[in-house]
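One structure is given here, and the rest of the page talks about it.
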Amino acid sequence: MTEAINSKVSLGDISVNFLQQMSLTSNKLSCDINPILAKYNVSIAQLSAHHGRLSIPKYMRIGFELMQQTGREDLGLLMGENVCFQHYGMLGFACMSAINISTMAQVLAQYESLLSQNVRGHSTFITTPEPTLTFYSIAPYNPYNYFVVDSVLASWFTLLTSRTIHLTQPVNIIKAVHIEYPEPKNSERYHAFFQCPVIFDSTFNGLVLNSQHIKTPLPDACMSSYLQAQQLCQNELQQLQQNQDWQTKVIEKVSHNLVGNMPDINQVAALLGTSAWTLRRRLYKENTNYQGIMDKTRKGLALSYVRDTQLTFSEISYLLGFATPAAFYKAFRRWTESTPKNYRQAFINKRE
């Protein structure tokens, strides 16, 4: 049972479509991304043929190496400049035909999991106090993940603003951009790209939309096409959710709520819309229990964080809800009979 659970625990994955967006950006920079892809044994053609997805840590390493090769720290913004609706698959077609900006923002958040899943959470669209499309936190930040935030926000910006060009009067649909990490040295590049206030060191990542215009009918909208695309997105999402057993559902909720905290079964049951008693019974039918899933989820994530990221061990301890780094070290040694430092070094040596 241990192997079954561990196999379900990862930091997340993304659609090959985002790699195609990165490849397009690389081509426009006159840079060949293929040697980097080959280094990580990645083939865009093979992934595309099988609706493949790429692990988030591998995607971040590829992006980091491309930044190193091109010298472009603004890679994420460049990816946003080069995004196309087709990079978002069927979700992109729904966005391309949505009746207004509010609907478009809603579907971008609602069907995000069709393109990417992250252990840290999922994007949301809220309408109060201000309409805001938010990208979940992936803190702590480092050179490997800055571009991820940049590419998501810049892509949303490009897609949303592209739908307003057919309006009779030009409008500023984006009111402000919020970014969690500190202001970088090239912050003027962000202000030039977004053409609106950009707030660094914010409490969230996201786009604040102009409430005066998000309900304005878009001249290029096509209701019949939108309804068809939205229904296909809904069908695919339901299929993904129906294929999940209760063990997988618990892993997902636990993973999303571990940061600085260890959620108990009552909290997770509430998030799943059921009672703790019912959840225990359903897990029992799957020959497992909540505490076992909690421990093995933390183990799986710990191995991934240590192996696949550059996070410090104190940061990993916090992300996994341990009270102290010492408690994390003790648990890691119990899981692996090794220290986090030795475990990470062993994988570095193996890659080299």
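The values are calculated or read from the model by the stated rules, or taken from the named source; none is laboratory data. Please read all numbers here as calculations on a predicted model, not as lab measurements. Using ideal geometry, Cβ is built from the backbone for each residue, glycine included, and neighbour counts are taken over all protein chains shown. Accessible surface areas use protein heavy atoms only, side chains included; no ligands, DNA or RNA. Shrake-Rupley method; radii C 1.70, N 1.55, O 1.52, S 1.80 Å.
Some points to look at:
- Computed from the C-beta positions of residue 223 and residue 38 and an R0 of 56 Å, the FRET efficiency is 0.80 to the nearest 0.05.
- Counting only aspartates and glutamates at least 8 places from residue 296 when in the same chain, those with an alpha carbon closer than 12 Å to its own are 3.
- Rounded to the nearest 10 square angstrom, residue 299 shows an accessible area of 40 square angstrom against a 1.4 Å probe.
- Residues of the range 247-281 with amide N under 18 Å of a point placed 7 Å along Cα→Cβ from residue 327: 254-268
- Gyration tensor verdict on the range 1-91 (Cα atoms; rounded if a/c is under 1.5, prolate if a/b is larger than b/c, oblate otherwise): prolate
- Taking a straight Cα-Cα cut-off under 14 Å and skipping sequence neighbours fewer than 8 places away in the same chain, the aspartates and glutamates within cross-link reach of residue 350 are 308.
- Protein accessible area in the chain, 1.4 Å probe - carbon and sulfur %: 51 percent
- In the assembled protein chains, residue 165 presents an accessible area of approximately 130 Å² (probe radius 1.4 Å).
- Annotation for the range 269-339: GluC sites (Glu not before Pro) lying in DSSP loop with at most 16 further Cβ atoms inside 10 Å of their Cβ are 286, 337.
- Area accessible to solvent at residue 120, 1.4 Å probe radius, in Å²: 50 Å²
- Average accessible area per residue (Å²) across the range 53-187 - probe 1.4 Å, nucleic acids and ligands excluded: 38 Å²
- In this structure, the residue pairs whose Cα-Cα separation is over 20 Å, taken from 28/185; 58/253; 249/299; 39/185; 58/249, are 28/185; 58/253; 39/185; 58/249.
- Calculated from the structure at hand, Kirkwood radius over Cα pairs in Å is found among (i) 26.0; (ii) 21.7; (iii) 22.9 as (ii).
- Residue-normalised accessible area of the range 210-352, expressed per residue, 1.4 Å probe, Å²: 57 Å²
- Sorted on the mean count of surrounding Cβ atoms within 10 Å across their residues, most packed first, peptides 242-249, 23-30, 63-70 read 63-70, 23-30, 242-249.
- Listed residues 93, 347 arranged by accessible area, highest first, probe 1.4 Å: 93, 347
- In terms of Cα atoms, the Rg and Dmax of the range 215-271 work out to 17.9, 49 Å.
- Scoring 258-264, 103-109 by mean Cβ neighbours within 10 Å over their residues and listing the highest first yields 103-109, 258-264.
- Put 87, 256, 50, 166 in order of accessible area, highest first, and with a 1.4 Å probe you get 50, 166, 256, 87.
- Counting only residues at least eight positions apart within a chain, or on another chain, the aspartates and glutamates with an alpha carbon under 15 Å from that of residue 175 are 130.
- Histogram of C-alpha separations across the range 202-348, 10 Å bin width, %: 9, 27, 25, 22, 13, 4, 0
- Annotation for the range 22-74 versus the range 283-352: alpha-carbon center distance of 28 Å.
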